[in-house]
1. Select from region B:199-231 the residues that are assigned to a loop (DSSP other than H, G, I, E, B) and surrounded by fewer than 18 Cβ atoms within 10 Å (Cβ to Cβ) and list them in ascending order.
2. Count, please, the residues in region A:62-97 that happen to be more than 7 Å from DNA strand D (Cβ to nearest atom) and either aliphatic (A, V, I, L, M) or modelled with pLDDT under 95 (or both).
3. Only one of A:134, A:209, A:158 is touching a helix residue (DSSP H, G or I) at 6+ places or on another chain (Cβ under 9 Å), farther than 20 Å from residue A:105 by Cβ and of a type in the set (Lys, Arg); which?
4. Let me spell it out: the conditions are (1) more than 8 Å from chain B (Cβ to nearest Cβ); (2) over 25 Å from residue A:133 (Cα atoms), and residue A:263 meets all of them except one. Which number is the exception?
5. Spot the failing condition for residue A:196; the list is (1) surrounded by 20 or more Cβ atoms within 10 Å (Cβ to Cβ); (2) touching a strand residue (DSSP E or B) at 6+ places or on another chain (Cβ under 6 Å); (3) within 13 Å of chain B (Cβ to nearest Cβ); (4) farther than 30 Å from residue B:84 by Cα, and only one is missed.
6. Restricting to region A:168-189, what's the tally of residues that are over 22 Å from the mean Cα position of the chain (by Cα) and crowded, with 17+ Cβ neighbours inside 10 Å?
7. Tell me, which residue of region B:59-111 that is away from chain A (no Cβ under 14 Å), over 17 Å from residue B:40 (Cα atoms) and among the charged types (D, E, K, R) is nearest to DNA strand C (Cβ to nearest atom)?
8. Output the number of residues of region A:173-196 satisfying the condition of being part of a helix (DSSP H, G or I) and within 16 Å of residue A:253 (Cβ to Cβ).
2 protein chains.
Amino acid sequence: MPFKPHPPCLSASTDAPATAGPAVAPEPGAPGAAFSPLYRQIKGLILQSLDRGEWKPGEAIPSELDLAARFKVSQGTVRKAIDELAADNILLRRQGKGTFVATHHEDRVRFRFLRLAPDDGQHARSRSRFLECRRLRAPAEVAKALELRAGDSVVLVRRVLSFGEIPTVIDEIWLPGSLFRGLTAERLAEYKGPMYGLFESEFGVRMIRADEKIRAVPAGAPEAELLDIEAGTPLLQVERISFTYGDRPVEMRRGLYLTSRYHYRNSLN
Amino acid sequence: MPFKPHPPCLSASTDAPATAGPAVAPEPGAPGAAFSPLYRQIKGLILQSLDRGEWKPGEAIPSELDLAARFKVSQGTVRKAIDELAADNILLRRQGKGTFVATHHEDRVRFRFLRLAPDDGQHARSRSRFLECRRLRAPAEVAKALELRAGDSVVLVRRVLSFGEIPTVIDEIWLPGSLFRGLTAERLAEYKGPMYGLFESEFGVRMIRADEKIRAVPAGAPEAELLDIEAGTPLLQVERISFTYGDRPVEMRRGLYLTSRYHYRNSLN
DNA sequence: AAGTGGTCTAGACCACGAT
DNA sequence: TCGTGGTCTAGACCACTTT
């Protein structure tokens, strides 16, 4: 044994957070006080910084040693917090370079949210045609999904997505009006790149997670015309609710996918 | 600084694996020698033990300290290997009790592979009716998916899954004949519990991962009759390939889901 | 050469579960 | 009380990238 045991300096969950610890509330006597380890509290602090925009998508966050000094914990504890954020696809580690805030401007992130893949593997150029973009009062169903009050302002966007000139997806997208003030059909149309990239760059709203419900439904007359198919053709209906930091819902979307040459891919782990 | 640096005892990736290291080939001068850290090699060794059945589903594996001694590495290294296996849902940690091999006899695992959920949240009793179970020579498409030679023996199972007496799913399941020797319609019918539970208990084949391709298709006449619906009704078609340890494909399955009262749920992370 | 993340170790202590 | 996994720390060294 090369060492003798060291003096008990700042023994984590008992001393550290309560005395010399970081800006973290250990809630000692709280009733439903769910115990959470230090690294998870650090994770929460990093998430707060991301949420308030201290580090923007694509940028590097401070090094592990810097963060350790800032939060007054060891590098290992910061590392474990970042490990989880990287596993959540919120941060991205690059050895030798630093740790970066994930962004929808990378294909890696984009394909996590675009699950439609060509049967033959040949990815064709995609193009959006925007049918409308208007403000209205939230219908009850939308208000509930977005956790708004019934009647709050929402933005409705409708578009047709084509792959290689073949119309394949109809999307109906509902967004909280308060977060997307200047959003217009023109800005959507002139923007190059994925829609979530625009949301993140222009409106500071980053989607980090989504839940989907999928069904098979028959095409109605309007959908059939938009997709250039016969009414009644089976379509994949994908209802999505997207969340930003803190599990706050910020998008409700209903997609209709034509799956004759494309399929929705999924992995069960 | 309370300490002075200690003497360099067994400095990991240079000394340890090469000299006193475990039964692991570091392949020093190999041409395409992809470097892999110690903990990942340990992960591989644990996976091998699982694959050869040294520890069975539901059982506990040895403690971290035991494994550390066995592989001649530190507890921390074993821990990191187990961390990854737990993240892969292959192992399951229970504080104070030990680390266990995941099993399809738990709901937690079962619902990872059964994505169909009732719209109203009321899970009804499910029941399988087996239409057939027979052996035949693998069609080209099946052979390719299961990485068999065309003409190898395969087992074909067809069944209807009902939720609360309402027929909802038609499954067509292809399995390698060599792995499922005694599989018959009777054994399937008399078995209580999920099918993957039977596969794992009776045939030693554990599914740990699956890829799915999803489409909307119209019901044909035979399917319509089985599901008690009209021909042409849109159905969700789910093509699945399941893998066991080492990414070996061991099942090809085509499901047709009636999604009028159920939906396929998915999370995008 | 300096800075970053990545690996490995060793040890102390905590939380949980069974005895 | 003991054994298990869980947390935290400290330090050495490796691998990668940039200066």
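The values are calculated or read from the model by the stated rules, or taken from the named source; none is laboratory data. Fair warning: this is a prediction, and the values are worked out from it, not measured in the lab. So basically every Cβ, Gly included, is an ideal-geometry build from the backbone, and we count neighbours across all protein chains shown.
1. Step one: filter region B:199-231 for residues assigned to a loop (DSSP other than H, G, I, E, B), giving B:204-208, B:219-220, B:228-231.
Across region B:199-231, the qualifying residues are B:204, B:220, B:228, B:229, B:230, B:231.
2. Qualifying residue count for the region: 13.
3. Numbers: A:209 fails: farther than 20 Å from residue A:105 by Cβ; A:158 fails: touching a helix residue (DSSP H, G or I) at 6+ places or on another chain (Cβ under 9 Å).
Being touching a helix residue (DSSP H, G or I) at 6+ places or on another chain (Cβ under 9 Å), farther than 20 Å from residue A:105 by Cβ and of a type in the set (Lys, Arg) holds for just one of A:134, A:209, A:158, which is A:134.
4. All conditions pass for residue A:263, except number (1).
5. Checking residue A:196 against (1) surrounded by 20 or more Cβ atoms within 10 Å (Cβ to Cβ); (2) touching a strand residue (DSSP E or B) at 6+ places or on another chain (Cβ under 6 Å); (3) within 13 Å of chain B (Cβ to nearest Cβ); (4) farther than 30 Å from residue B:84 by Cα, the one that fails is (2).
6. The number of residues fulfilling the criteria is 1.
7. Among residues in region B:59-111 that are away from chain A (no Cβ under 14 Å), over 17 Å from residue B:40 (Cα atoms) and among the charged types (D, E, K, R), the one nearest to DNA strand C (Cβ to nearest atom) is B:97.
8. Taking region A:173-196 and keeping what is part of a helix (DSSP H, G or I), we get A:185-190, A:195-196.
Then keep just the ones that are within 16 Å of residue A:253 (Cβ to Cβ); that gives A:188, A:195-196.
Of the residues in that region, 3 qualify.
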